[in-house]
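Worksheet for the structure shown next.
The values are calculated or read from the model by the stated rules, or taken from the named source; none is laboratory data. A quick note: this is a predicted structure, and the numbers were derived from the prediction, not measured. Cβ atoms come from the backbone with ideal geometry, glycine included; neighbour counts cover every protein chain shown. Accessible surface areas use protein heavy atoms only, side chains included; no ligands, DNA or RNA. Shrake-Rupley method; radii C 1.70, N 1.55, O 1.52, S 1.80 Å.
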Amino acid sequence: LITQQAESVEIVYFANVDRVTAEGVEVELERKFDGGTLARASYALQETEDAQTGYDLSSSPHHLAKFSLQIPLSGVTAGALELQYQSEVRTLALPRAGGFLLGNLQLSHEIRSQRIHLYASVLNFLDRRYGYPGAEDHLQDVIWLDGRTFSLRLARRF
């Protein structure tokens, strides 16, 4: 395993670490229905352990799950729902960052004659407080991410 190590805050490097044991399984299902609706679901279960310390690897959740549903609302407009779950993970300082469930919504519209796509999204619409473990070169043990976020995007294809 190549991982980040630190001699001090200023000296951070990558090194080969002793043995790691990892076992897991992953499954994904996808179905496209008549009319264009698309449903996807995936789940991953993993166990990772540093053979030297016996601890779980940091930033390595035991459970990951994702579900998405894309529904055409008209010939050029579609809506999408996405749910993502991650179980708690160990941080470098050994406590755990809590698990979380995130939900995202998106509405898209295509102007075919101009090859333009418009997207309106609400990310983390459940407004969950969540974060990921920091690495050796971060001062924070957990890096907290944004709550509910709105975005508009315009894309043009050439």
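Selection over the range 84-103 of residues that are open to solvent by 30 Å² or more (accessible area, probe 1.4 Å) and modelled with pLDDT of 90 or more gives a count of 7. For H117, indicate whether it is in contact with a strand residue (DSSP E or B) (Cβ under 7 Å, 6 or more places away or on another chain), assigned to a strand (DSSP E or B), open to solvent by 30 Å² or more (accessible area, probe 1.4 Å) and not acidic (D, E). No; evaluated as a whole, the condition is false for this residue. When the strands (runs of 3 or more DSSP E) confined to the range 1-98 are screened for residues that are over 28 Å from F125 (Cα atoms) and either out of contact with any Gly (no Cβ under 9 Å at 6 or more places or on another chain) or touching a residue at least 12 places away in the same chain (Cβ under 8 Å) (or both), those reaching at least 3 such residues are found at 2-6, 12-16, 20-32, 38-50.
Taking the criterion of being open to solvent by less than 50 Å² (accessible area, probe 1.4 Å) and over 26 Å from L57 (Cβ atoms), the residues of the range 125-150 that qualify are G147, T149.
For the range 38-73, enumerate the residues that are open to solvent by 50 Å² or more (accessible area, probe 1.4 Å), modelled with pLDDT under 95 and within 17 Å of the chain's Cα centre (by Cα). Hit for the range 38-73 is S59, nothing else. Within the range 104-127, no residue satisfies the criterion of being more than 20 Å from the chain's Cα centre (by Cα), modelled with pLDDT of 95 or more and among the acidic types (D, E).
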